[in-house]
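Chemist: One structure coming up, written as structure tokens, with questions to follow.
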Amino acid sequence: MSDTLDDSGVPDRELLAAELVLGVLAGSERAAALRLVERDSHFAALVADWEEKLTPWAAEIEDIAAPPQVWDRIAAALPAQAAASAGWWQNLAFWRGLSLATSALAALCIGALVYLGTVPQKAPLVAGLDGGGQHHFVATIDMARGSIAVVPAAVSADATRVPELWLIPADGKPRSLGLLRADRAVSITIPPNLMGQIVSNAVLAVSLEPLGGSPTGQPTGPVIASGRLTTL
Amino acid sequence: MNLDANRGLIVAALSRVRSGDRSALHTVYRLTSAKLFGVCLRILGERNEAEDVLQEVYMTVWRKAADFDPDRSSPMTWLIAITRNRAIDRLRATRRSRRMEPIDAANDIADATPSADHAMESMQKYERLHGCLDGLAAHERAALRGAYFDGNTYEDLAARMSVPLGTMKSWIRRAMIKLKACLEA
């Protein structure tokens, strides 16, 4: 789309930003404008500029104390504060992914406990896979079953490429673990020859590959997310 | 009412939220939730929905604190933008705007006049915006108010002011162009 001018001489984009911030758009028009904010930094800057211009108007809106249960609900939805001293818990990407996938993760853990019928002797390994704020997965290893469950937290589906999961052990050579889905959790059986490499600090990475997976056995597309395995 | 009163505190707390600090989010909440709840309630007009949206807003702040750039925008601008977007999304998803009574441009009055004990910068911005809004025609100002405070769409506003949709679009667009020119003058 180009910055065409309407009959007033003002660029379309400028007016669209004004309409979006004012709030008069609805339906597909609003959705398209919101998508454009994500995609187009020039348009996002126009939107930010209008937000800055109109914000003082909000001073007219009366402050109203929110009832205490609102914070209680927020606090309950946040991930628990970790007691560990390692650095991973300070990793925002991990918590972001985890906060988005907490319920799924909890379901997985409960599932694992039910399956085992007992508390597992080994702490589960998990990894939050982050890629610059846009792509997140949370991976949980079930050592007893030799499988890895990967939950998408904030991933856009791509019509022409699929996310592929890689294990990058200490030798730095990626091994494919299988294909992921952007729209639902996937459970992958870990090849027995790789089980020994599934240890704390091993890296998991996700690349975008042609449909059907990497044709070469090595990542060919962009790496959109990565993270280290750590004990929960 | 002063949107910039605790700017430094909010910016500092947001930077700690980025590293996953729950107590920092609570600080942001304590400093800003009354204003943001007011915004939610003004647009949604219903407490349960306003509470739901307020919760969503702070979960968004938790996840997206890294997107906030204190060099480019004020924290309240960022927070109010998130809040209005969430509230409008909720409004659009559930029903038409709550406030649909006819708008009489002749009776266009402000919700409240902010008190005078503001930090100077915030007060100056408010007065500048108001000066420019006062320069618009009464029907233009009334339409902008309906959109900003009631979450009205073009269609809602055309119905409330009994004009064709095309007329409403050109009113709003012309008003926004004038507003921009005045604010940037």
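Each value in this text was obtained by applying a stated rule to the coordinates, not by laboratory testing. Just so you know, these numbers come straight off a predicted model, no measurement behind them. As a convention, Cβ positions derive from the backbone with ideal geometry for all residues, glycine included, and neighbour counts pool all protein chains shown.
Chemist: Applying the Karplus parametrisation 6.51 cos²θ - 1.76 cosθ + 1.60 with θ = phi - 60° to the phi angles of segment B:162-172, what ³J(HN,Hα) value in whole Hz is obtained for each residue in order, glycine and proline being reported as x?
Modeler: 6, 10, x, 3, x, 5, 4, 4, 6, 4, 5
Chemist: Enumerate cysteines in chain B without a disulfide-compatible partner, where compatibility requires another Cys Cβ under 4.7 angstrom.
Modeler: Here B:C40 come out as lacking a disulfide-compatible partner, given the Cβ-Cβ threshold of under 4.7 Å.
Chemist: Kindly rank B:4-14, A:62-72 from highest to lowest mean number of other beta carbons found within 10 Å of each residue.
Modeler: Averaged packing, sorted descending, gives the order B:4-14, A:62-72.
Chemist: Over the whole of B:72-84, what's the average partner chain Cβ count within 10 Å per residue? Rounded to a whole number, please.
Modeler: Shielding by partners across B:72-84 averages 4.
Chemist: Find out how many positive minus negative residues lie around B:L9, taking Lys and Arg as positive, Asp and Glu as negative, among other residues whose Cβ is under 12 Å from that of B:L9.
Modeler: +2
Chemist: Give the calculated FRET efficiency between B:R98 and B:A12 to the nearest 0.05, with a Förster radius of 25 Å applied to their Cβ-Cβ distance.
Modeler: Between B:R98 and B:A12 the formula returns 0.10.
Chemist: OK, next. Taking K and R as +1 and D and E as -1, what net charge do the other residues with C-beta under 14 Å from the C-beta of A:P163 add up to?
Modeler: Combined, the nearby Lys, Arg, Asp and Glu give -2.
Chemist: Let me ask something additional. Select from B:R42, B:R16, B:R86 the residue whose mean-square fluctuation is largest in a Gaussian network model of chain B (Cα-Cα springs shorter than 10 Å).
Modeler: Top of the fluctuation ranking is B:R16.
Chemist: Using only Cα atoms, locate the centre of segment A:168-202 and the centre of segment B:43-87, then give the distance between them in Å, rounded to an integer.
Modeler: First find each Cα centre; the distance between them is then 37 Å.
Chemist: Okay, helix-only estimate at 222 nm for chain B: each DSSP H run of n ≥ 4 adds -39500 (n - 2.57), divide by all residues, round to 500 deg cm²/dmol; what do you get?
Modeler: -23000 deg cm²/dmol
Chemist: With the Cα gyration tensor of segment B:7-94 giving a ≥ b ≥ c as the square roots of its eigenvalues, does the rule (a/c under 1.5 for rounded; else a/b larger than b/c for prolate; else oblate) give rounded, prolate or oblate?
Modeler: Prolate.
Chemist: Starting from segment A:125-215, pick out the trypsin sites (Lys or Arg not before Pro) whose DSSP state is loop and whose Cβ has at most 12 other Cβ atoms within 10 Å.
Modeler: Counting only loop positions with at most 12 other Cβ atoms within 10 Å, the trypsin sites (Lys or Arg not before Pro) in segment A:125-215 are A:R184.
Chemist: Please identify, among B:L136, B:L54, B:L36, the residue showing maximal mean-square fluctuation in a Gaussian network model of chain B using a 10 angstrom Cα cutoff.
Modeler: B:L136
Chemist: How many nm is it between the label spots at A:D12 and B:A181, if each spot is 7 Å from the Cα in line with the beta carbon?
Modeler: Computed distance between label sites A:D12 and B:A181 equals 2.3 nm.
Chemist: Quick one: which residues, 5 or more positions from B:N152 or on another chain, have an amide H under 5 Å from its amide H? H modelled 1.01 Å from N in the peptide plane, none for Pro or chain starts.
Modeler: Counting only residues 5 or more places away or on other chains, the set is B:A147.
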